[in-house]
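Participant: Can you keep this structure in mind? I'll have questions shortly.
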Amino acid sequence: MLDATHDPDARSWVDSAGLSGTPFPLQNLPFGVFDHPVGGGAPETTRVGVAIGDLLVDLAATASAGVLDALGPALRDACLAPRLNTLMALGPDAWSALRRHLHHLLREGDPLGDAHRPAVEAALRERASVRMAVPAHIGDYTDFYASLHHATNVGTMMRPDNPLLPNYKWVPIGYHGRASSVVVSGTGVVRPVGQTRPEGVAAPLWGPSRRIDYELELGLFVGIGNEMGRAIPIADADRHIFGVCLVNDWSARDMQQWEYQPLGPFLAKSFATTVSPWVVTREALAPFRVALASRTADDPAPLPYLAHPGIAARGAFDIELEVLLQTARMREVGDAPVRLSRSRTRDLYWAPAQLVTHHASNGCNLRPGDLLASGTVSGPERAQRGCLLELAWRGTEPVELPNGERRSFLEDGDEVVLTGWCACEGAASIGLGECRGRVLPAAGADA
């Protein structure tokens with residue numbers, strides 16, 4: 001539902017929140033977690049913050065100053081927690097109450113904001129001066145395969161005459177990932193070492209992967225969970241989504257090709273998954289809800305547990321995603337990153353709510369802070385392919401960069417930057433920020 005927090009004409013007294021091109025205007029207010037030095041030689045701790053323009057609001061500082069007392073002790077204590085899990089567990093009514101309160105505090109000319117402005121100003125930090133952390137304790141991470149275009153492209157490489165397996169249009173395909181190797185944007189990604197078997201070689205080889213790839217994905221953070229043994233009805237699934245982030249699910253394609261049969265991805269995926277530091281709430285995305293991508297006349301209708309009129313009408317988020325690449329040579333001479341592709345989440349075959357419902361349909365208990373990723377987001381055109389496996393077509397069509405370099409897969413020193421934006425008529429544009437990672441050489445003497 002739209003309310004005053006979505007008013008495109010609302011302005012913040014934080015000047016940078018009104019600058020053209022900022023991803024974090026007053027209408028966004030995403031949540032994140034940053035390292036905060038406690039002094040006295042003690043190790044750093046983490047605090048919850050809310051991005052506004054080039055700054056962030058330290059919610060622990062505002063809570064300690066009494067600015068959040070009107071929200072009640074549960075919300076106040078959630079803002080003092082070191083991660084977002086406590087807030088996520090409170091549910092959508094609490095999230096909405098906090099979002100409205102923050103909007104009042106930061107909106108220009110608002111009586112509540114005027115009354116507490118000195119305390120809020122004291123809690124502002126320069127975003128560029130803090131180090132961000134993974135926003136929540138991620139107990140479990142699941143990666144889906146929700147892009148029909150991506151699945152078709154990859155299937156065509158493997159099975160030209162039968163790209164999609166029979167189950168694809170019936171069931172949201174996914175696999176359980178590795179939560180321990182989820183890292184925040186800016187963390188270096190070490191090239192993994194493992195088994196590969198190049199074509200024409202009888203026995204597998206051991207060594208650094210030669211086919212490192214990125215995957216452009218949308219992440220969903222679970223808010224409230226469900227009890228083990230109890231499913232999440234499709235009509236309620238949206239209420240279980242706290243917000244979204246950008247995800248780069250790094251992949252070692254040569255290791256993946258050798259190991260994935262018969263049980264699917266393993267070491268080719270578990271070495272690193274990068275997430276953007278700011279979680280844009282489901283509520284902030286309300287103006288950018290659109291119809292789910294239409295199905296053809298030959299496509300099966302979703303089974304009843306995955307079907308709901310609201311999903312078809314406004315089940316998708318319309319988020320424009322972009323992949324940028326800066327090679328080591330580009331960095332040395334000061335060249336800016338170049339765009340490799342651009343795609344939209346509205347093209348996904350399965351809606352976020354359907355992913356949540358299907359995940360819990362067998363009674364699996366989702367928990368606050370669990371991360372679900374969409375899988376590579378690709379569109380129907382070549383310029384909309386969300387990974388190098390597709391763009392370079394399994395290495396047979398290398399990507400030509402403006403400086404003369406070519407890429408079939410990533411090389412050491414390559415930095416991949418994912419970005420995301422939402423824009424539509426009648427709403428203020430908002431962004432997801434950046435998800436950035438640089439490939440580092442393989443570690444260890446055996447590498």
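The values are calculated or read from the model by the stated rules, or taken from the named source; none is laboratory data. Treat the numbers as computed from the prediction; the structure is a model and nothing was measured. A quick note on method: Cβ atoms are made from the backbone with ideal geometry, for glycine too, and the neighbour counts reach across all protein chains shown.
Participant: Find all pairs meeting these conditions: Cβ atoms under 7 angstrom apart; at least six residues apart or on different chains; first residue within the range 367-386 and surrounded by fewer than 24 Cβ atoms within 10 Å (Cβ to Cβ) and among the β-branched types (Val, Ile, Thr); second residue assigned to a loop (DSSP other than H, G, I, E, B) and modelled with pLDDT under 95.
Facilitator: Nothing qualifies.
Participant: Hey, another quick one. Might you let me know whether the range 271-290 holds any residue that is at pLDDT 95 or above and over 20 Å from Leu220 (Cβ atoms)?
Facilitator: yes
Participant: If you don't mind, there's one more thing I want to ask. Considering each of Gly207, Gly194, Gly200 in turn, give the residue that is surrounded by fewer than 22 Cβ atoms within 10 Å (Cβ to Cβ), in contact with a Phe, Trp or Tyr (Cβ under 8 Å, 6 or more places away or on another chain) and more than 29 Å from Cys422 (Cα to Cα).
Facilitator: Result: Gly194 is the single residue among Gly207, Gly194, Gly200 that is surrounded by fewer than 22 Cβ atoms within 10 Å (Cβ to Cβ), in contact with a Phe, Trp or Tyr (Cβ under 8 Å, 6 or more places away or on another chain) and more than 29 Å from Cys422 (Cα to Cα).
Participant: Considering Val356, Val377, which residue is under 17 Å from the mean Cα position of the chain (by Cα), closer than 30 Å to Leu303 by Cβ and in a loop (DSSP other than H, G, I, E, B)?
Facilitator: Step by step, each of Val356, Val377 is checked, and only Val377 is under 17 Å from the mean Cα position of the chain (by Cα), closer than 30 Å to Leu303 by Cβ and in a loop (DSSP other than H, G, I, E, B).
Participant: Of all the residues that make up the range 197-220, how many are over 27 Å from Gly139 (Cβ atoms), assigned to a strand (DSSP E or B) and either touching a Ser or Thr at 6+ places or on another chain (Cβ under 7 Å) or of a type in the set (Asp, Glu) (or both)?
Facilitator: 1
Participant: While we're on this one: Taking Val183 and the conditions (1) touching a strand residue (DSSP E or B) at 6+ places or on another chain (Cβ under 8 Å); (2) assigned to a helix (DSSP H, G or I), which numbered condition does it fall short on, given that it satisfies the others?
Facilitator: The one condition Val183 does not meet is (2).
Participant: Does any residue of the range 281-293 turn out to be in contact with a Leu (Cβ under 8 Å, 6 or more places away or on another chain), crowded, with 22+ Cβ neighbours inside 10 Å, among the aliphatic types (A, V, I, L, M) and not in a loop (DSSP other than H, G, I, E, B)?
Facilitator: The answer is no; no qualifying residue exists.
Participant: Next up: Is it the case that Ala423 is modelled with pLDDT under 95 and more than 23 Å from Asp335 (Cβ to Cβ)?
Facilitator: no
Participant: Which of the residues that make up the range 1-41 are closer than 20 Å to Leu112 by Cβ and among the acidic types (Asp, Glu)?
Facilitator: Asp3, Asp7, Asp9, Asp15
Participant: In this structure, is Val323 under 28 Å from Tyr141 (Cα atoms), in contact with a strand residue (DSSP E or B) (Cβ under 6 Å, 6 or more places away or on another chain) and among the β-branched types (Val, Ile, Thr)?
Facilitator: yes
Participant: Taking Leu29, is it at positive phi and either crowded, with 16+ Cβ neighbours inside 10 Å or of a type in the set (Asp, Glu) (or both)?
Facilitator: Spelling it out, Leu29 is indeed at positive phi and either crowded, with 16+ Cβ neighbours inside 10 Å or of a type in the set (Asp, Glu) (or both).
Participant: Given the residues Arg295, Arg289, Arg342, Arg331, which is the only one that is of a type in the set (Lys, Arg) and under 25 Å from Ser96 (Cα atoms)?
Facilitator: Arg289
Participant: Take the residues in the range 81-103 that are of a type outside the set (Lys, Arg) and touching a Ser or Thr at 6+ places or on another chain (Cβ under 8 Å); name whichever of them is modelled with the lowest pLDDT.
Facilitator: If we take residues in the range 81-103 being of a type outside the set (Lys, Arg) and touching a Ser or Thr at 6+ places or on another chain (Cβ under 8 Å), then Pro82 is modelled with the lowest pLDDT.
Participant: Right, something else. Condition first: among the charged types (D, E, K, R) and touching a Lys or Arg at 6+ places or on another chain (Cβ under 6 Å). Now tell me which residues in the range 258-282 satisfy that.
Facilitator: Within the range 258-282, none qualify.
Participant: Looking at (1) in contact (Cβ under 8 Å) with a residue 24 or more places away in the chain; (2) more than 21 Å from the chain's Cα centre (by Cα); (3) surrounded by 16 or more Cβ atoms within 10 Å (Cβ to Cβ), which one does Pro92 not meet, given that it meets all the others?
Facilitator: Unmet condition: (2).
Participant: Is it the case that some residue within the range 168-177 is of a type in the set (Phe, Trp, Tyr) and closer than 30 Å to Thr45 by Cα?
Facilitator: No, the range 168-177 has no match at all.
Participant: For the list (1) assigned to a loop (DSSP other than H, G, I, E, B); (2) modelled with pLDDT of 95 or more, I need the number of the one condition that Leu263 fails.
Facilitator: Status for Leu263: all satisfied but (2).
Participant: Further, regarding this structure: Sort through Leu165, Leu148, Leu68 and tell me the only one that's modelled with pLDDT under 95 and among the hydrophobic types (A, V, I, L, M, F, W, C).
Facilitator: Leu165
Participant: May I ask you to list the residues in the range 64-80 that are closer than 30 Å to Leu366 by Cβ, out of contact with any Ser or Thr (no Cβ under 8 Å at 6 or more places or on another chain) and hydrophobic (A, V, I, L, M, F, W, C)?
Facilitator: Correct list: Leu71, Ala74, Leu75.
Participant: Something else: Looking only at the range 61-79, which residues are within 20 Å of Pro111 (Cα to Cα) and among the polar types (S, T, N, Q)?
Facilitator: Result: Thr62, single match.
Participant: List the residue pairs whose Cβ atoms are under 7 Å apart, where the first residue sits in the range 229-240 and is over 17 Å from Thr281 (Cβ atoms) and touching a residue at least 60 places away in the same chain (Cβ under 8 Å), the second is in a loop (DSSP other than H, G, I, E, B) and of a type outside the set (Gly, Ala, Ser), and the two are 6 or more positions apart or on different chains.
Facilitator: Filtered contacts from the range 229-240: Ile232/Asn226; Ile234/His308; Ala235/His308.
Participant: Further question: Return the only residue of Ala78, Ala63 being over 23 Å from the mean Cα position of the chain (by Cα), in a helix (DSSP H, G or I) and either modelled with pLDDT under 95 or buried (at least 16 other Cβ atoms within 10 Å of the Cβ) (or both).
Facilitator: Unique residue meeting the criteria: Ala63.
Participant: Are any of the residues in the range 301-315 crowded, with 23+ Cβ neighbours inside 10 Å, more than 20 Å from Cys424 (Cα to Cα) and within 20 Å of the chain's Cα centre (by Cα)?
Facilitator: No, the range 301-315 has no match at all.
Participant: In this structure, does Leu246 turn out to be buried (at least 18 other Cβ atoms within 10 Å of the Cβ), closer than 30 Å to Ala301 by Cβ and at pLDDT 95 or above?
Facilitator: no
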